[in-house]
Ligand code: PMP
């Protein structure tokens, strides 16, 4: 590896960073992370912090998960690559598809279509939704419904159903026929309704209206995150996802659960859909499927959809797939990861530490008037939203969050800033003391920034 001076001098000079301004990185260079242990990361200056971001909500088992590392290494020696396009397969992908079907049995999932990450899984689900209807002769079902504030990755399909302009405007025109319903965001919504149950009824009604307006038989699928993640951790009321499920079923619209963040324990359950007691028609997964150690994902397809494809004529053939679909190393990582995830039953700690974090942040809200809203309480997903004035709910400029994060980093926690929000999503194996360190660092950050 090059020496530290070389790395610092060349930091951000020859690389454009995702989700960052390419002109702003050199004056404010990114932290160079050089190592990690447990749920902690170390930067190039030897400064160690707890990773309150959990990689990017994906390193659920922490950075020291030896069984996954060994599985990757063994697989590299046995078979580093072969494709799973028609005609060939590999042992790791076969084992993983078997395990995932078992794992997602309560959600009714029957098949896995492997991908290289979350955006790929979303793209796969949107394409398969259209194809499903075409096979059945409902060729006019091409439109998609989604939620404002939702995040579904960065391919054109995903960007089209994304509910945040930041990921859309510069890349328009996007896919036609994508409609966005209001987000289940009780703190701010067009109805001025702060009661989550009542807000749910209003959004469900808005969904009915939009479906009637578009024509129910023109809509292919509705996609949602069971708990909205990157958009600011919005936890829908328990009646929301079941309500949308019922509406979708009644109108022949497929329901896609984007579980890229919520699957594999983060919500305190094995999936967000299970958390809300819903069986979707497809589930997009990625991230924690390999604990972040290898780029990989799976679009799970419900048992109820499989016959339509498998018994179809040539129109059932899937004209979609990635060079790395079913990559043997990724699949081996995922097999090991799933075993470890179940062995440790990480849901339990995610739920307990999630409650601790949520309660801790609520206490910070009593102390700091710049905290307008806190969201979470379902596993290790907690958001803090900053306002300059609680009465008017005027949002703080993003540089406030950046100041909080800077001081928090000095005090031992790497935070993620998203607009006026701070999003906390550490690894699911985090300890009670480590959650306290995060809370103290956030407290110090807000005190210094305020
Ligand atoms: N869907 C959701 C819900 C996500 O949170 C993300 C990533 N944050 C994606 C899709 C896209 O995943 P990836 O970045 O792996 O393409």
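Odds and ends about this structure:
- Note on 14, 368, 152: ascending count of other Cβ atoms within 10 Å places them as 14, 368, 152, the fewest first.
- Using only the C-alpha atoms, the convex hull of region 277-360 corresponds to 142 Å³ per residue.
- Percent of alpha-carbon pairs separated by more than 41 Å within the chain: 15 percent
- Separation of alpha-carbon centers, region 1-17 and region 63-139, rounded to whole Å: 35 Å
- For the peptides 213-224, 113-124, the ranking by packing is 113-124, 213-224, with the highest mean count of neighbouring Cβ atoms within 10 Å listed first.
- FRET efficiency, 1/(1 + (r/R0)^6) with R0 51 Å, evaluated for residue 168 and residue 64 via beta carbons: 0.85
- GNM result for the chain, Cα springs below 10 Å: residue of 305, 19, 381 fluctuating most strongly: 19
- The residues 337, 178, 284, when put in order of fewest to most other Cβ atoms within 10 Å, stand as 178, 337, 284.
- Given R0 = 35 Å, the distance between the Cβ atoms of residue 76 and residue 197 translates into a calculated FRET efficiency of 0.10.
- Rg/Rh ratio calculated on Cα atoms of region 319-450 (Kirkwood radius): 1.10
- Note on the chain: helix-only mean residue ellipticity at 222 nm, from DSSP H runs of 4+ residues weighted -39500 (n - 2.57) and normalised by residue number, equals -12000 deg cm²/dmol.
- The chain: most fluctuating residue of 269, 389, 373 per GNM, C-alpha cutoff 10 Å: 389
- When DSSP beta bridges are restricted to pairs lying wholly in the chain, around 65% turn out antiparallel.
- Inter-centroid distance (Cα atoms) of region 160-235 relative to region 295-324, Å: 26 Å
- Put in line by how crowded their Cβ is, counting other Cβ atoms within 10 Å and starting with the fewest, 414, 282 read 414, 282.
- Listed peptides 85-97, 398-410 appear in the order 398-410, 85-97 once ranked by packing, highest mean of other Cβ atoms within 10 Å at the front.
- Given their separation in residues at 0.36 nm each and the Cα-Cα distance between them, residue 16 and residue 393 gain 132.3 nm when the chain is fully extended.
Read-outs throughout are calculated quantities, based only on the coordinates presented, and are distinct from any laboratory measurement. In this text the structure is predicted, and so the values were computed from the model without any measurement. Cβ atoms come from the backbone with ideal geometry, glycine included; neighbour counts cover every protein chain shown.
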